[in-house]
Amino acid sequence: MSPEQFQPTDILDEPFWIERPEQQLAPFLFNSPHSGRCYTVDFKNSSRLTELELRSSEDSYIDLLYARAPSCGVPLMAANFPRAFLDLNREPYELDPIVFSDPLPSYAKTSGARVGSGLGTIARIVSERKEIYRHKLSLQEGLDRIETLYKPYHQALRRELALAHVNFGFACLIDCHSMPSRVFQNASPNTRPDIVLGDRFGTSCHPLLINSAKSILGHLGLRVEINRPYAGGFITQHYGRPIKGLHALQIEIDRSLYMNEETFEPLPHFAELVDLFGRFTDMLMQCASDALYPTAAAAE
């Protein structure tokens, strides 16, 4: 991979992209909603933070780690806009009144842990608990982001899953994220997980999917935890309907495995990890598909 692939751009040409295989071989969709690194001039000028500070909420390079998914026969989808600008892993109207200069509509969800912590659909803070904006936003600006970015992204995601379900009888969404290494700073090096898998405590996917993922990742030399401290966000919860043949699994990767968390530079062995997650994708696709086909058939 060339270095320019890792450089954030100043121009948001397309809000998201989907790379599809020539022929889809399994009912999987790999989704990276938080790896967007297109920081527009207007957004940066509206913020009191540096670009590096804004990027602390970003799941940096997760889309590139899973870049082999299409060659394995499954689509890969990712946002280009950053999580600090709009968070796709929230309900559409989890809105923080502190962010806006206008009263919020009655349908907005203005309370709850995520909104209260400043991490709603339009975040007030980045993960370092630093305030993003120099000034309050107009309500219209917030609603415009939801209409032009959030809703089209989720429409496309639903369309990809529906297509897989029609063609294969079931669908599996792999929601791809990263986690800061400080989450496990009190754990010993031999016990801290490299990966956290989330299935909303057994509700968002068939056990065969998460157990297959854990087994394969362990085989590839990675330490895996399940549901703690990340059980899956809105996307996993919303799209995971195992009884309907819709399975959703969240995967969190420790950022220190592949990047310098201070400079946001990929580590020298980044390409090796791309190969590793390519093998993981291929093995999961084969293993989980073979295991779930009888289950899907029985549910029909």
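Couple of notes before you dig in:
- For segment 14-136, fraction of C-alpha pairs farther apart than 18 Å, in %: 57 percent
- With contacts taken as Cα pairs under 8 Å and at least 6 residues apart, the chain reaches a relative contact order of 21 percent.
- Ranked by how many other Cβ atoms sit within 10 Å of their own Cβ, fewest first, the residues TYR93, TYR61 fall in the order TYR93, TYR61.
- Order of GLU141, GLU252, GLU91 under a 10 Å beta carbon neighbour criterion, fewest first: GLU141, GLU91, GLU252
- Cα-based reach from LYS44 at 18 Å (exclusive), listing lysines while leaving out same-chain residues under 8 positions away: LYS130, LYS136
- Ranking of LEU64, LEU163 by count of other Cβ atoms within 10 Å, fewest first: LEU163, LEU64
- Taking a ≥ b ≥ c as the square roots of the eigenvalues of the Cα gyration tensor, segment 158-300 is prolate, since a/c reaches 1.5 or more and a/b is larger than b/c.
- Over segment 147-190, all Cα pairs binned in 5 Å intervals from 0 give whole-percent P(r) values of 5, 16, 14, 14, 11, 10, 9, 11, 8, 1, listed from short to long.
- Along the axis of the charge dipole computed for the chain (Cβ charges of +1 for Lys and Arg, -1 for Asp and Glu, origin at the Cα centre), the listed residues PHE277, ALA67, GLY120 are led at the positive end by GLY120.
- All other residues whose Cβ lies under 13 angstrom from that of ARG55 are scored, Lys and Arg at +1 and Asp and Glu at -1, for a net of -3.
- Rounded if a/c under 1.5, otherwise prolate or oblate - segment 72-231, Cα gyration tensor axes: oblate
- Difference of contour (0.36 nm per residue) and Cα-Cα distance, ARG159 to GLU51: 35.6 nm
- Its Cα centre serving as origin, the chain has a Cβ charge dipole (Lys and Arg +1, Asp and Glu -1) of approximately 840 debye.
- 3J(HN,Hα) couplings calculated from phi for segment 95-100 with the Karplus curve 6.51 cos²θ - 1.76 cosθ + 1.60 (θ = phi - 60°) are, in sequence order, 10, 8, x, 5, 6, 10 Hz; Gly and Pro show x.
- Measuring between their Cα centroids, segment 20-65 and segment 125-153 lie 15 Å from each other.
- Label-point gap, in nm, between ARG228 and THR191 - each point 7 angstrom along Cα→Cβ: 1.0 nm
Coordinate-derived values only; no laboratory data. If you're wondering where the values come from, they're calculated on a predicted model, not measured in any experiment. We place every Cβ from the backbone using ideal geometry, glycine too, and count neighbours over all the protein chains shown.
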